[in-house]
Structures are given as C-alpha cells and as structure tokens.
Amino acid sequence: MPALAVDSPAFLNRLLGSVNLYMIDPSDRAICAELRQLRRRFADHWLTIEETSLETVYQSDLGRGFKLLLNSGFQKEPLDSDDDAYKQALTKVAVGLTAPKAINAMMLAMLYFPTDKLRVQQAEQRLPAWLLPDYLRIFEGKQVADPNALDVQPPSQAFTDRLTAAINRYQANTSDAATIAEVRRLRHALTQYWISLEPAQLQATYASPLGNAQRLILGSGFAKLEKTPLDRDTFKQISGVLAQGMANPKALNYFAAAMLYCAPANLQVADAARILPAWLLADYNRFFAAVAA
C-alpha cells in the first residue's frame, strides 16, 4: 500500500472505496486484508492526537473517516493475532477512562470490538458529548440527539436564515447563553465550510449569501467573546496554516475563517491591498483595518 498520509484526501478516498467494497461483498478476503491495514494506520494516527484536539478532529474529514469504519460493521470480522494484541493494548489504556489518551483508545476500541462485546458503564456521564451519540447508536442501539449537531448546514439558505436569526438574538441580548452556543455552532460550521472549499470556488461562494452570513458575524462583535476549547483548537489549526504564508493554496480559505475568530486589533495585515484580492479586501478594510485604526 502506498505510504499515503492518513490525514490526506487520498487516504480517506481509499478508505471510503474499501469500505464501500466491503459492504458490497464482506466475504472478499482481499478487501478485508486492505481494510485491516487501513484501520491500523488510521488507529495509529488517532493515537497521536492530543485529547484536547479530539473533538475538533472528530468533526473534520478524519472524523468522517472514523464514522465510515464504525458504521461498516467491520468490527465483527475475526482478528488476527496482531490485531487482537492491538485491541488488548487499547483496552488497557481505555479502562477507567482516566489514563492519558484514554479517550483516544476508547474511540479506537470501538473499531475493533464487535458491537455486543463493548460496554461502557454510565456512558452518559463518562464519555464526551461529541462521542457519546455514536457509541450509544452502535453499541447500545440507542438514538441520542447530538447537542452540538446542526440540522442545517452551509451553503443552504436554511443555514443563512438560521444564522441571521441567531445573530439578531445575540445583538438583542449578548449574554444569552443558549444564543451564544447556537452562534458558536453556526460559526464553526461556516468555518469548516470555508476551509473545505476548493480555492477556485472561494470567490464565487463569498459573493453568495454565505458572504452575507460572514459579514453578519463580523459585524456582531462575536469574536470578542472568550474562546471555548473547541474555538481555540479550531483557531490553532487556522493559525498554523496561515503561518506558512499566503503562498499556501488554501491561504485565503483560512484567512476568511480567521476573520470569524479575531477581534479587529488581532488581525492586521501589512500591505493588505497587495496581498488580499479585492473581493476579500473590502470586508477586511471594513471590519478590521478601519476599526483598528
């Protein structure tokens, strides 16, 4: 198998293809062997992720890859001796859910245990809210609403309408906790959408109603609120890409995302008129350069 980076689109596409082939014909031994290798590389990568970043990563393409494997039923396949030893090692780390990387190990155990062989006592109190719905659905047969899930997503008009209403409520009462939580979820969804776009699509999308949604958040002053752990992890990811410079193919995607998290004084670009395209420069000047001046 080519040494594809686990967090690369190529690896995730290969994982998707193998899962699809397995679900078509679970008896295909070549596909099962391929999935075992992919699962191990995938699990090894997840073990390197800091626990404080797990929620953010779980909501990314890597999380979607995890759910592909989780939903495939591949856990029921017999384990060879190496995979069985790996499962036991994960179990030792996960037991009690108190050791460093215990949540990482618990997640990965979910990819190795048959659905009737893994139970977490008092799961509702002990598992993080972002993982709990998938654990309960797969291993206990329970459907639980994800408190962080949105029933609308960009680029739909329903998303823009929902965001408009939430920002209006926030501006009417900037201390309402439920509204703040709603705006955070909507902002995160918009952030992930900007990041996911192909660079060639960014200008046209920014000229759509999603650009208006962006300006609603920018004009609300929401970025001045203290960041939650998820906000900080998201912004750390954004900052890491922007630190590579504007030559990065997705630099403008990440810059648009950064605007959603920065107070005016914290996003200042020297020679912005040269660096930023006109369609993005106008909002930068309006909400950042002019305000900070």
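FYI, it's all coordinate maths here, none of it is from the lab. Note that this is a predicted model, so its numbers are computed, not measured. We place every Cβ from the backbone using ideal geometry, glycine too, and count neighbours over all the protein chains shown.
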With the Cα gyration tensor of region 9-139 in hand, give its eigenvalues times 5 under a square root as the equivalent ellipsoid semi-axes, listed largest first in whole angstrom.
-> 23, 16, 14
Could you calculate the FRET efficiency of A3 with R286 from 1/(1 + (r/R0)^6), where r is the beta carbon distance between them and R0 is 41 Å, rounded to 0.05?
-> 0.35
Cα-Cα over 22 Å: which of K101/K224; K92/K117; K92/K142; K92/K236; K67/K236?
-> K101/K224; K92/K142; K92/K236; K67/K236
Roughly speaking, what is the stretch gain from S208 to K227, that is 0.36 nm per residue apart minus the C-alpha to C-alpha distance, in nm to one decimal?
-> 4.1 nm
Put +1 on the Cβ of each Lys and Arg and -1 on the Cβ of each Asp and Glu in the chain; which of P155, L131, F42 then has its Cα farthest toward the positive end of the dipole?
-> P155
Just add up the charged neighbours of D231: K/R +1, D/E -1, any other residue whose Cβ is under 13 Å from the Cβ of D231.
-> +4
Pop the C-beta distance of A165 and A272 into the FRET formula with R0 = 45 Å and round what comes out to the nearest 0.05.
-> 0.90
Take each of the peptides 232-243, 248-259, average the number of other beta-carbon atoms within 10 Å over its residues, and list them starting from the highest.
-> 248-259, 232-243
Relative to the longest principal axis of the C-alpha atoms of the chain, give the angle of the C-alpha long axis of helix 61-72, reported between 0 and 90° and rounded to the nearest 10°.
-> 30
Label assignment, log10 I(q)/I(0) by the Debye sum over Cα atoms at q = 0.11, 0.12, 0.17 Å⁻¹ derived from the structure, set [x] -0.68, -0.80, -1.59; [y] -0.76, -0.82, -1.18; [z] -0.76, -0.88, -1.38 = [z]
For the Cα atoms of the chain, what angle does the longest principal axis make with the long axis of helix 29-47, in degrees from 0 to 90, nearest 10?
-> 50
Expected 222 nm ellipticity per residue - DSSP helices of 4 or more, -39500 (n - 2.57), all of the chain, to 500 | -18000 deg cm²/dmol
Compactness of region 63-203 - radius of gyration and Dmax, Cα, Å = 19.2, 61
Anchor K76: aspartates and glutamates whose Cα lies under 12 Å away (excluding residues fewer than 8 positions away in-chain) = D116
At Q121 and D80, where each label point lies 7 Å from the Cα along Cα→Cβ, what is the point-to-point distance in nanometres?
-> 3.6
Length gained, S175-S196, 0.36 nm per residue minus C-alpha separation, equals 4.4 nm
Whole Å is fine, so just give me how far the alpha carbon centre of region 241-293 lies from that of region 23-78.
-> 36
Tilt of helix 81-94 relative to the longest C-alpha principal axis of the chain, in degrees (0 to 90, nearest 10)?
-> 60
Cα-centre dipole for region 157-292 with unit charges at Cβ (Lys and Arg positive, Asp and Glu negative), debye to 20 = 80
